[in-house]
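Trainee: One structure, as structure tokens, below. Some questions next.
The values are calculated or read from the model by the stated rules, or taken from the named source; none is laboratory data. This is a predicted model, so every value here is computed, not measured. Glycine gets a Cβ as well: all are built from the backbone with ideal geometry, and neighbour counts include every protein chain shown.
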Amino acid sequence: MKEGKIKLGLVTATLLLGSTALMAGGDIVPAEEPVKENVVKRTLNGNMTLNYHVLPGEVDNIHDLFSEGIFYGRLRSNTFYWGWKDTSAANGLSNSADKAMGMGGSLIYKSASLNHFSFTMGYYGSLNPTFWRPDEADVGLTKAGKDTFSRYKVSQTGHFGMGVLGQAYLQYNNGTVNIKAGRQLYESVFTKSNDTKMIPNTFDGVSAAVKIAPKTKARVAWFGKQKLRDHEDAHDVITFKDVNGESWNNNDDAGKHRGLSYDNFIAAGEDPDHDMYLADITTKYIKNLKLTGSYLQIPGVVKDFVIEAHYKIPLSDTGWAVRPGIRHFMQFDDGGGAVAGDSNALGASLIGYDPSVNGSLDSSLFNARLDVLMPDKKGFFRLGYSKVADEADIVAAWRGFPTGGFTRAMAQYNWYSNTETFMVRAVYKFNPMWKASIRYAVQDFDDNKAVPSDSNVIHIDTWTNITPDLQMRMRYGHVSADDTTQSVIDPTTFKTDWSYDEFRLEFNYMF
């Protein structure tokens with residue numbers, strides 16, 4: 001057993017033994033009363049994460065631990081259609097896989113709590129109708145809808161559809177300490193469930209959260225495996241490709257670093273199997289200020305520190321407020337740079353990068369935003385900005401987008417070296433039934449590097465609450481990319497014109 005895992009086990013045991021002596025209350029909510037009829041058990045946030053309004057209660061025997069548990073059902077469908085603007089042979093893009101659909105849902109069971117112990121199990125499934133999916137030979141060309149099926153499964157068996165155990169964990173929660181062991185969702189600045197398709201991104205390991213002071217919570221976690229949204233099996237948290245060179249059977253997230261591949265780890269004499277350690281502390285002790293410090297380490301690869309602060313300033317008694325915020329992301333090489341060598345995150349050469357990047361993942365990213373908040377939580381206006389240092393690309397293969405909430409737009413990855421982005425966004429809730437969002441981003445990539453060309457992005461989203469349990473979401477995305485940027489790999493050609501239009505339609509029924 002690795003030393004890090006032993007240390008985390010000791011921390012977890014200490015938290016359990018000392019929990020009754022810790023301060024009560026805080027952000028870790030104890031079990032609620034059993035579900036009542038005609039009560040909405042869960043609702044969806046704008047990013048499609050879930051709010052549980054009803055949870056099982058505390059019981060005093062094993063029988064009731066099971067019988068007083070609650071099932072949470074969800075039926076959902078996701079439909080995608082997109083088209084590249086330039087599908088010429090010279091541009092290298094194809095519309096052969098221009099549509100995808102996932103139909104299915106999830107069934108989650110949460111037991112009651114016995115002496116503060118409980119468990120959660122969640123099954124997720126996705127089926128892909130033949131009339132609205134790519135041909136088997138074209139699954140590698142699929143863009144937005146690729147997470148509705150497993151490309152690896154299709155390539156190996158010819159079969160679409162997925163069925164996975166998405167959540168399976170034991171939990172101890174006394175209202176002050178909350179510990180989970182097993183497969184779980186973990187929302188942090190680095191990791192997200194990102195449950196916007198059919199199956200969430202989950203992690204296998206142990207996490208613990210503790211109320212350490214008034215309105216202040218600390219968390220630690222160890223994860224030995226990750227299971228991305230389009231995988232049926234868990235895989236390494238960062239290694240790209242497996243022992244057989246299969247791109248889709250290890251961490252093939254869009255934010256991966258291709259230089260951190262199985263073969264490269266082996267060639268460098270390093271272990272291709274990795275652990276992930278996370279820690280953060282969040283406080284709202286100062287009125288109107290939310291402050292978070294976060295840490296991530298994958299030993300032998302990379303270490304990250306993030307400081308984030310948001311301060312709300314009410315504007316008199318009008319109900320309006322402004323909320324400035326910053327996020328500073330610091331990435332430190334911990335051996336991964338030597339493994340990646342002369343490759344950037346996209347697997348291309350380091351042409352245009354500072355020479356120090358060859359052999360190092362050192363880099364940083366600064367985000368800032370200013371929100372103008374409307375009265376009665378009707379919506380907000382946002383101006384966002386992000387700038388990546390002219391060093392290494394940011395490594396972010398865990399769906400916790402480094403620019404998320406500041407400048408990232410749907411399906412965009414704007415954290416390559418020396419990338420600068422501006423965004424304006426507006427969200428408005430017209431009535432309890434209908435809400436809409438529009439955002440416009442200007443992405444300035446480095447023309448002298450083998451990274452995407454500059455682009456302008458427009459996204460429009462609408463949420464329609466047809467009933468308290470049924471929601472429809474529609475999304476439209478338009479990307480206009482610069483088609484005149486000279487390629488740094490071959491100066492006689494241009495960078496890929498990756499302009500496209502995209503449409504998404506989603507239904508969610510909760511029961």
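Trainee: Output the residues belonging to the range 100-113 that are crowded, with 18+ Cβ neighbours inside 10 Å and either more than 21 Å from Gly477 (Cβ to Cβ) or over 23 Å from the mean Cα position of the chain (by Cα) (or both).
Mentor: Restricting attention to the range 100-113, the residues satisfying the condition of being crowded, with 18+ Cβ neighbours inside 10 Å are 100-106, 108, 110-113.
Passing the criteria: Met103, Gly104, Gly105, Ser106, Ile108, Lys110, Ser111, Ala112, Ser113.
Trainee: Shifting gears a bit: Which pairs have Cβ atoms under 8 Å, sit 6 or more apart or on different chains, and link a residue in the range 271-295 that is assigned to a loop (DSSP other than H, G, I, E, B) to one that is among the small types (Gly, Ala, Ser)?
Mentor: Asp271/Gly300; His274/Gly300; Asp275/Gly4; Asp275/Gly224; Tyr285/Ala213
Trainee: Scan the range 343-355 residue by residue and report those that are under 23 Å from Phe240 (Cα atoms) and either in contact with a strand residue (DSSP E or B) (Cβ under 8 Å, 6 or more places away or on another chain) or without any contact (Cβ under 8 Å) to a residue 60 or more places away in the chain (or both).
Mentor: Ser343, Ser349, Leu350, listed by residue number.
Trainee: Another question about this same structure. What single numbered condition from (1) within 29 Å of Leu141 (Cβ to Cβ); (2) in contact (Cβ under 8 Å) with a residue 24 or more places away in the chain fails to hold for Ala218?
Mentor: Of (1) within 29 Å of Leu141 (Cβ to Cβ); (2) in contact (Cβ under 8 Å) with a residue 24 or more places away in the chain, only one is false for Ala218: (1).
Trainee: Another question, if that's okay. Is it true that Gly92 is under 27 Å from Val154 (Cα atoms) and surrounded by fewer than 20 Cβ atoms within 10 Å (Cβ to Cβ)?
Mentor: Taking the combined requirement at face value, the residue satisfies it.
Trainee: Considering each of Lys85, Lys99 in turn, give the residue that is touching a helix residue (DSSP H, G or I) at 6+ places or on another chain (Cβ under 6 Å) and among the basic types (Lys, Arg). It would help to see each step written out before you state the result.
Mentor: On the way: Lys85 fails: touching a helix residue (DSSP H, G or I) at 6+ places or on another chain (Cβ under 6 Å).
When all the criteria are applied, what remains is Lys99.
Trainee: Of the residues Asp271, Asp236, only one is of a type outside the set (Gly, Ala, Ser) and farther than 20 Å from Leu346 by Cβ; which?
Mentor: Numbers: Asp236 fails: farther than 20 Å from Leu346 by Cβ.
Just a single option satisfies the conditions, and that option is Asp271.
Trainee: Being out of contact with any strand residue (DSSP E or B) (no Cβ under 6 Å at 6 or more places or on another chain) and among the basic types (Lys, Arg), is that true of even one residue in the range 225-234?
Mentor: yes
Trainee: For the range 324-342, state whether one or more residues are surrounded by fewer than 24 Cβ atoms within 10 Å (Cβ to Cβ), out of contact with any strand residue (DSSP E or B) (no Cβ under 9 Å at 6 or more places or on another chain), not hydrophobic (A, V, I, L, M, F, W, C) and not in a strand (DSSP E or B).
Mentor: Yes, the range 324-342 contains a residue that is surrounded by fewer than 24 Cβ atoms within 10 Å (Cβ to Cβ), out of contact with any strand residue (DSSP E or B) (no Cβ under 9 Å at 6 or more places or on another chain), not hydrophobic (A, V, I, L, M, F, W, C) and not in a strand (DSSP E or B).
Trainee: In the range 170-204, what residues are under 15 Å from Gln226 (Cβ atoms) and more than 17 Å from the chain's Cα centre (by Cα)?
Mentor: Gly182
Trainee: Considering Gly26, Gly4, which residue is surrounded by fewer than 16 Cβ atoms within 10 Å (Cβ to Cβ) and either modelled with pLDDT under 95 or in a loop (DSSP other than H, G, I, E, B) (or both)?
Mentor: Gly4
Trainee: Here's another thing I want to ask about it. Here is a list: Arg74, Arg42. Which entry is at pLDDT 95 or above and under 28 Å from the mean Cα position of the chain (by Cα)?
Mentor: Checking each option against the conditions leaves just Arg74.
Trainee: Conditions first: (1) of a type outside the set (Lys, Arg); (2) in contact with a strand residue (DSSP E or B) (Cβ under 7 Å, 6 or more places away or on another chain); (3) assigned to a loop (DSSP other than H, G, I, E, B). Ala396 passes all but one, so which condition is the exception?
Mentor: It is condition (2) that Ala396 fails.
Trainee: Which count do you get for residues in the range 443-497 that are more than 23 Å from the chain's Cα centre (by Cα), surrounded by 15 or more Cβ atoms within 10 Å (Cβ to Cβ) and of a type in the set (A, V, I, L, M, F, W, C)?
Mentor: Of the residues in the range 443-497, 4 are more than 23 Å from the chain's Cα centre (by Cα), surrounded by 15 or more Cβ atoms within 10 Å (Cβ to Cβ) and of a type in the set (A, V, I, L, M, F, W, C).
Trainee: On to the next question. Restricting to the range 199-239, name every residue that is assigned to a loop (DSSP other than H, G, I, E, B) and either at pLDDT below 95 or surrounded by fewer than 20 Cβ atoms within 10 Å (Cβ to Cβ) (or both). Please lay out each step first, then the result.
Mentor: Step one: list which residues in the range 199-239 are assigned to a loop (DSSP other than H, G, I, E, B), which gives 199-201, 214-215, 228-234, 236-239.
Selection gives Pro214, Lys215, Glu232, Asp233, Ala234.
Trainee: Assess whether Met410 counts as being under 21 Å from the mean Cα position of the chain (by Cα), at pLDDT below 95, farther than 26 Å from Gly337 by Cα and not basic (Lys, Arg). Can you show your working first?
Mentor: Working: under 21 Å from the mean Cα position of the chain (by Cα): yes; at pLDDT below 95: yes; farther than 26 Å from Gly337 by Cα: yes; not basic (Lys, Arg): yes.
For Met410, the condition - under 21 Å from the mean Cα position of the chain (by Cα), at pLDDT below 95, farther than 26 Å from Gly337 by Cα and not basic (Lys, Arg) - is met.
Trainee: Next question. With (1) farther than 23 Å from Ala89 by Cβ; (2) crowded, with 16+ Cβ neighbours inside 10 Å; (3) small (Gly, Ala, Ser) as the list, and Ala426 as the residue in question, which single condition is left unmet?
Mentor: (2)
Trainee: Would you confirm whether any residue within the range 181-196 is under 27 Å from Arg327 (Cα atoms), touching a helix residue (DSSP H, G or I) at 6+ places or on another chain (Cβ under 7 Å) and part of a loop (DSSP other than H, G, I, E, B)?
Mentor: No, the conditions are met nowhere in the range 181-196.
Trainee: Additional query: Give the residue, chosen from Trp415, Trp398, that is among the aromatic types (Phe, Trp, Tyr), modelled with pLDDT of 95 or more, within 20 Å of the chain's Cα centre (by Cα) and over 30 Å from Arg42 (Cβ atoms).
Mentor: Trp415
Trainee: Could you count how many residues in the range 126-153 are without any contact (Cβ under 8 Å) to a residue 40 or more places away in the chain, buried (at least 17 other Cβ atoms within 10 Å of the Cβ) and in contact with a Gly (Cβ under 7 Å, 6 or more places away or on another chain)?
Mentor: Total meeting the criteria: 2.
Trainee: Mind counting the residues in the range 498-511 that are surrounded by fewer than 16 Cβ atoms within 10 Å (Cβ to Cβ) and not in a strand (DSSP E or B)?
Mentor: Within the range 498-511, residues that are surrounded by fewer than 16 Cβ atoms within 10 Å (Cβ to Cβ) and not in a strand (DSSP E or B) number 1.
Trainee: Is it the case, given these coordinates, that Gly300 is at positive phi and in contact with an Asp or Glu (Cβ under 8 Å, 6 or more places away or on another chain)?
Mentor: Yes; evaluated as a whole, the condition is true for this residue.
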